[in-house]
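Engineer: Just passing along the structure, written as structure tokens.
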């Protein structure tokens, strides 16, 4: 096990908690508006103006007729089923299995249903003009696999020369059916997780790749779909 960035569980817990509880930037008014939208409460739009044609009095609607029409509209709206909004992240309702692996002292977890495979990390050929976290391409059975420097991608604020020299990547964790793989130092274990064993991330904004934190293991649970999307766009973990 390498001596990484996290010396003890308390430091790891504080770091992961800060990622989970980060609130997107913005002024108070904007944050309140976003909060209302997330709760499904949208401001009521003003009624469209009704053009009155004074030259044609016979076309005007009398007060009783107006009341009847409004009543019909209200009944139709009441009978119309409400449109439910999809949550920003889908939370599993059943138990699922996850693979735990370690990078620079930080334990990460990926659902087995989103695991594309595990390879021994072999020779990686660097490519120019790529982000710093892109280690290069590894050939595996005539297939080109994109290797991510996981420590540099996940925690760029802690990545320095000393940390880079201490890394000893051994494996490549493939993400679903994509060509992206996360370099890792150690495979920890696999385990079955219940949904309530995860502190799911509630805030939206930065770090959409972070699905939540496994409470007992104090490790980050990866949203593989979001991570693949970010890697395809060349984004780092803190990019929006």
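Read the figures in this text as sums done on the coordinates, not as results from a lab. Please read all numbers here as calculations on a predicted model, not as lab measurements. For neighbour counting, all protein chains shown are included, and Cβ atoms are generated from backbone atoms with ideal geometry for every residue, glycine included.
Engineer: What does the extension gain come out to for residue 113 and residue 226, with contour length at 0.36 nm per residue minus their alpha carbon separation?
Structural biologist: 39.2 nm
Engineer: A further question on this structure: Give me the Debye-computed log₁₀ of I(q)/I(0) at q = 0.11, 0.17, 0.18, 0.19 Å⁻¹ for region 92-240, equal point scatterers on Cα only, no solvent, two decimals.
Structural biologist: -0.39, -0.98, -1.10, -1.24
Engineer: Something else now. Could you please rank 176, 132, placing first whichever residue has the fewest other Cβ atoms within 10 Å of its Cβ?
Structural biologist: Neighbour counts put them in this order, fewest first: 132, 176.
Engineer: Now for a separate question. At 7 Å along Cα-to-Cβ for each site, give me the label-to-label distance between residue 170 and residue 143 in nm.
Structural biologist: For the pair residue 170/residue 143, the computed spacing is 2.3 nm.
Engineer: For the pair residue 128 and residue 93, how long in nm is the line joining their label points, each one 7 Å along Cα→Cβ?
Structural biologist: 5.4
Engineer: If neighbour count is taken as other Cβ atoms inside 10 Å, put 173, 118 in order from fewest to most.
Structural biologist: Final ranking by Cβ density, sparse to dense: 118, 173.
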